Amino acid sequence: MTTTASSTAVTRPPADPLRRTSLAAGILYLLTFVSVPTLALYQDARNDAGFVLGAGSGSGVLLAAGTEVVVAVTCIGTAVVFFPVLRRRSETAAIGFLASRVTEGALIIVGVVSVLTLFTLRTDVAGTADADPASLVTTGHALSAAYDWTFLLSQSLMPVFNALFLGYALYRSGLVPRILPTLGLIGAPLLLASDVAVFFGVYDRAAPIAILAAAPIAVWEFSLGVYLVVRGFRTSAVAALSPAQAVR
């Protein structure tokens, strides 16, 4: 007697060839949120004219500066990781996102240098015999203002362009649920309008309305990071990408 065994093929969803890419992009996006406490940690340096003379806490300022360096590196990292994927959908969007992220990271470093220079004046100059307190306070105000302007241009204005370039590419490609890039595309003009208001002195960048205007972009970036870490790119959308450019 011959026994015929029939085997049933188990259909499995195809593996995502870009899983490592999406995981790295998600982790880097989540790491950009390590600087959330920065505004609170910088309060003494920003608002206390006597900070440069030794008033207030200096350790919090150093911690905030360190986290912003992390943010600068991860900002550029997200663009580098995303670039080979995005250019398969839109090379213009990929280059635009890379350029805006690099600009953001560079400006963040400029702001950190301003804060660290202020800290150096506090620790190395303020206590010396030849130090002029009035001049130090004036210099401190100038360095604090430099940080405020670089923050506006880097961590407030550049995310507008990031959201437009990345949101467009992700929305058109379907690599993630379209609700995520939609948040970014809606939030970009809101944040831009708020940045213009801050630029012309209508309100301070720490005002409640400014924080509210930045909320959609923050939700979009955090949600994108979480989704990429947990789920990754949609496999069907990855398969539909143009094979013209190889992903490395």
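The values are calculated or read from the model by the stated rules, or taken from the named source; none is laboratory data. Note that the coordinates shown come from a computational prediction; the quantities given were computed from them, not determined experimentally. Positions of Cβ are generated from backbone atoms using ideal geometry, with glycine treated the same way; all protein chains shown enter the neighbour counts. Heavy atoms of the whole protein, side chains included, go into the accessibility calculation; ligands, DNA and RNA do not. Shrake-Rupley method; radii C 1.70, N 1.55, O 1.52, S 1.80 Å.
Please name which of Trp149, Ala239, Ala55 has its Cα lying farthest along the dipole of the chain towards the positive end, using unit charges on Cβ (Lys, Arg +1; Asp, Glu -1) and the Cα centre as origin.
Working it through, the farthest residue towards the positive pole turns out to be Ala239.
Hey, if we sort Thr38, Thr139 by accessible area with the 1.4 Å probe, largest down, what's the order? Could you put the intermediate results ahead of the total?
Numbers: Thr38 5, Thr139 55 Å².
Heavy-atom accessible area, descending, gives Thr139, Thr38.
Could I have the simple spin-label model distance between Val125 and Arg234, label points 7 Å from Cα toward Cβ, reported in nm to one decimal?
In this crude label model, Val125 to Arg234 measures out at 5.6 nm.
For segment 6-122, what is the charge dipole size about the Cα centre, in debye to the nearest 20, if Lys and Arg each add +1 at the Cβ and Asp and Glu each add -1 at the Cβ?
520
Under 10 Å, Cα contacts only: if you run a Gaussian network model on the chain, which one of Thr128, Thr103, Thr120 comes out with the highest mean-square fluctuation?
Thr128
Rank Arg19, Arg172, Arg88 by accessible area, highest first, at a 1.4 Å probe radius?
Numbers: Arg19 70, Arg172 115, Arg88 45 Å².
Greatest to least solvent exposure: Arg172, Arg19, Arg88.
Compute the distance from the alpha-carbon center of segment 37-73 to that of segment 121-148, in whole Å.
Distance between centres, Cα-based: 14 Å.
Could you pull out the longest piece of the chain with no exposed loop chymotrypsin sites (Phe, Trp or Tyr not before Pro) in it, calling a site exposed if DSSP puts it outside H, G, I, E, B and it has at most 16 other Cβ atoms within 10 Å? Please list the in-between numbers first.
Numbers: sites that count: Phe200, Tyr203.
Longest site-free region, per DSSP loop and neighbour criteria: 1-199.
Ser194 accessible area, nearest 10 Å², 1.4 Å probe?
For Ser194, solvent-accessible area is about 10 Å².
Report, in order of residue number, the helices in the chain meeting two criteria: a C-alpha extent of 15 Å or more along the helix axis, and a mean Kyte-Doolittle hydropathy of at least 1.6; treat each whole DSSP H run as one helix.
Numbers: long enough: 19-31 (18 Å, 0.85); 59-86 (40 Å, 1.99); 91-120 (43 Å, 1.51); 133-151 (27 Å, 0.38); 158-173 (23 Å, 0.83); 179-199 (30 Å, 1.88); 208-230 (32 Å, 1.89).
Qualifying helices, which must be both long enough and hydrophobic enough, are 59-86, 179-199, 208-230.
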